[in-house]
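To keep things clear, I will list the structure first and then write my remarks on it.
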Amino acid sequence: MKQKIRQLFTHCSSRITHHGSGGFTLIELAMVLVVIGIVITIGVNLVGPLTKRMRVNESRDIVNAAVESVTSWASSNKRLPTAVEFPSVVKAPTDAFTTDLLYIVDH
């Protein structure tokens, strides 16, 4: 009887540890899904700050270009543009966050 139980146990345990036709066990598939989930979570958490940094840099470039445009316009017209003329003087009157650039002339 012990011999039969031992053979049955050995047979069952060899079937559990042997993958058969090269497939994956449920635990291996679950671990792969967990790792993929962790990688996706890290990637999603990085997208927000990178997008914001990109917009801040783009807004800085837009403001610098607006300063150059106003300076060039003032140099050729011997005066600063008015608030009404400002949108036509600069290439982009809004920043990367679609907020209007604020132009105040101090006389």
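General observations
- Amide H contacts under 5 Å for Thr94, placed H, 5+ residues apart: Leu101
- Annotation: aspartates and glutamates with alpha-carbon distance below 19 angstrom to Lys52 (same-chain offsets under eight excluded): Asp61, Asp95, Asp100.
- Averaged over residues, the count of other Cβ atoms within 10 Å places the peptides 70-83, 34-47 in the sequence 70-83, 34-47, highest first.
- Semi-axis lengths, Å, region 25-107, gyration tensor of Cα atoms, sqrt of 5 times eigenvalues: 50, 9, 8
No value in this document is a laboratory result; all are computed from the given coordinates. Note that this is a predicted model, so its numbers are computed, not measured. Using ideal geometry, Cβ is built from the backbone for each residue, glycine included, and neighbour counts are taken over all protein chains shown.
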